[in-house]
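A short write-up of the structure that comes next.
The values are calculated or read from the model by the stated rules, or taken from the named source; none is laboratory data. From a predicted model like this one, the values you see are computed outputs, not experimental measurements. A quick note on method: Cβ atoms are made from the backbone with ideal geometry, for glycine too, and the neighbour counts reach across all protein chains shown. Quick note on the areas: whole protein, heavy atoms, side chains included, nothing else; ligands and nucleic acids left out. Shrake-Rupley method; radii C 1.70, N 1.55, O 1.52, S 1.80 Å.
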Amino acid sequence: MIRFVVAAALCVSLAACSILKPEPAPAYVVFFIGKSVELTPDAQKIISKAAAKAKRMRPQMVQIAGPGTHIVKGYDPSFAGPRMDAVANALVADGVDKALLVRTSLTTGAADVDLSGASRVEIRLVPKTN
C-alpha cells in the first residue's frame, strides 16, 4: 500500500513539473548567408508562414531572437542588429502588429553560426497565458 501511495505521489509530482515548465514555442528559423543582411526567398517564405500563424493565433508576443554579439571565428557580430531588423520589418510588412515584437538574443555565440558560416534569426510565437 505504501509503495502505491509513493508511486502515485511521484506521478502527480512529475505531472506537475510538466505543467509548470511548458515547452518553448517552436521556432521559425531564418538563415542569412555569409555576410549578408538580405532575406533570401526561402527566408521570406519562412517569415510569411510565421506571420500567417501569428495573425491566426494572436500570440502574447512574437520573439525575434537574433545572432549573439560574441565574436566567433567566421562570424561578424555587427550583423546581428541589421538581421533582426530585416526579420522584424518583413513580419510587419506581412501584417504582424509591431507592438507584439520583442527582441532577444540567442543564448550562445557558438550556436549562432553553423558550419557553412550562415547565421540565423529565430521567430517564436509566444501564446497568451490565461
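Among Leu100, Leu106, which is the only one that is at pLDDT below 85, surrounded by 16 or more Cβ atoms within 10 Å (Cβ to Cβ) and closer than 16 Å to Ala25 by Cβ? Outline the logic, then answer.
On the way: Leu100 fails: at pLDDT below 85.
Going through Leu100, Leu106 in turn, the sole match is Leu106.
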Considering only residues of region 41-91 that are open to solvent by 70 Å² or more (accessible area, probe 1.4 Å) and of a type in the set (Lys, Arg), which is modelled with the lowest pLDDT?
-> Lys73
